[in-house]
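Every number here is computed from the coordinates shown, using simple stated rules; none is lab data. Keep in mind it's a predicted model, so treat the numbers as computed, not measured. All Cβ positions, even for glycine, are placed from backbone atoms using ideal geometry, and neighbour counts span all protein chains on display.
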Amino acid sequence: MVTDRSTTGDAVDAVVEDSTMDIEEEQATDEEIDEATTDEGPATIADTGTGLEPNVAGALSYLLGPITGVLFYVLEPEDAFVRFHAVQSTLIFGGLFVASIVLSIVLTVLSFVPGVGWIAAAVLGIGSLLLTPVGFLAWAFLLYKAYSGEEYAVPLVGSYARTYAVVDE
């Protein structure tokens, strides 16, 4: 039995050529999708110093209090939202840290006063014990507000945070 190879080879060549064109069309379609998402679609990652989304960076600025507050304040020179939360974190939790040190010193000094010193130290000690859960609740609340994308300003501190969060253009 003899078969005509010229027509079979042409058919195979046509199938290979069609599949090659399909692959090229798929690659072109993928490139068009990539270009469309980068040019027209909203950016999900901000073009900032850390490359994080603003709500994530704002929440992370509360993570370790004044340490991450200063870190994100320095790393995010272009995002006012992140800078606001970084300054607020630094002011609030840095202030709580200083307040706890001052209370410890005052408690130590008052404990040496004869007579009424122990009473005053006991009252301040109870106040010092309340400082920890209040600080934790504030930390959790502000972390949640920042992650939600809300710029919640703590009374007395929020106005200073807005002042220092201004972005120079």
Exercise for review: Rounded to whole Hz and in sequence order, give me ³J(HN,Hα) for segment 108-124 from the Karplus expression 6.51 cos²θ - 1.76 cosθ + 1.60, θ = phi - 60°, writing x for Gly and Pro.
Suggested key: 5, 5, 5, 5, 8, 6, x, x, 8, x, 5, 5, 5, 5, 5, 5, 5
Study note, to complete from the structure: Sorted on mean Cβ neighbours within 10 Å (highest first), peptides 53-63, 148-158 come out as 53-63, 148-158
Exercise for review: Set the Förster distance to 45 Å, then compute FRET efficiency between Leu137 and Asp168 from the Cβ-Cβ distance, nearest 0.05.
Suggested key: 0.85
